[in-house]
Each structure stands twice: as C-alpha cells, then as structure tokens.
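To start, the structure itself, in structure tokens.
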Amino acid sequence: MSPELVNRLTGIGGIVGGLLLALAIMFLAKGIASKQHSMDERYLYCLTKAKAFSWKATTISLALAWIIAIAVDGISLSFFIITALFVLHNVSYLAANLYYSARN
C-alpha cells in the first residue's frame, strides 16, 4: 500500500472511531442523566434552544462553504458535495417539521 492510501485510511478510521466514541459517550451521559432525574423541563428547553441555534449555525456555515467552494474551485465536485449536504440538511428539517406538526 502506498503512503497516501495509508494516510487516507487512517483519516477515515479516525473519523469513524471518533463518531463511534461520541455516540457511546452520548448514550452513557443520557443514561446517567436519566438516573439522576436531570431531564426536566428546563433541560428540554435548553436542549431545544441549543439545537435551534446549532441548526442556524450549520445552515450559515454550509452557505459560506458553498460560496467559498465556488470562488476557489468553481463548479466542481466540492460544489456538488456541499449542495447535496445543504439539500439533505433542509429536507431533513422539512421532514422533521412535517412529522412533529402531524403529531400535535
């Protein structure tokens, strides 16, 4: 294997390992919080506000990355990848909105 391939595989392995570790910590923290009865209305309110802010920040970040990708590379693969992420981001918002609107 070439050194470039090893570097790419190491990078992908690090990303996957980091995501798995983050998921494990998230589930452990949620279990500990539920045992300590920390998941009250105030927690849910703060969580909702944090998710809303995160959603807005992600939308702005994707839009800026989109502009930078066009300015640096023109219409290339990176442009289409960012476009696909932006569309997926907004479609998931639409689906969640429709789902929770139907539940209420």
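The values are calculated or read from the model by the stated rules, or taken from the named source; none is laboratory data. These numbers come from a predicted model, not from an experiment. Virtual Cβ from ideal backbone geometry, glycine too; neighbours counted across all protein chains shown. With ligands, DNA and RNA removed, areas are computed over all heavy atoms of the protein, side chains included. Shrake-Rupley method; radii C 1.70, N 1.55, O 1.52, S 1.80 Å.
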Looking at the range 32-43, can you tell me whether even one residue there is within 28 Å of Ala96 (Cα to Cα), in a helix (DSSP H, G or I), open to solvent by less than 80 Å² (accessible area, probe 1.4 Å) and not charged (D, E, K, R)? yes
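Say whether the condition of being in a helix (DSSP H, G or I) and in contact with a helix residue (DSSP H, G or I) (Cβ under 6 Å, 6 or more places away or on another chain) is met by at least one residue in the range 55-64. Write out each step before concluding.
Of all residues in the range 55-64, those in a helix (DSSP H, G or I) come to 55-64.
From what's left, in contact with a helix residue (DSSP H, G or I) (Cβ under 6 Å, 6 or more places away or on another chain): 62.
Yes, the range 55-64 contains a residue that is in a helix (DSSP H, G or I) and in contact with a helix residue (DSSP H, G or I) (Cβ under 6 Å, 6 or more places away or on another chain).
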Hey, Leu47 outside any loop (DSSP other than H, G, I, E, B), within 23 Å of Asn97 (Cβ to Cβ) and at pLDDT below 85 or not: yes
For Leu20: the one exception among (1) of a type outside the set (Ser, Thr, Tyr); (2) out of contact with any Phe, Trp or Tyr (no Cβ under 8 Å at 6 or more places or on another chain); (3) open to solvent by less than 60 Å² (accessible area, probe 1.4 Å): (3)
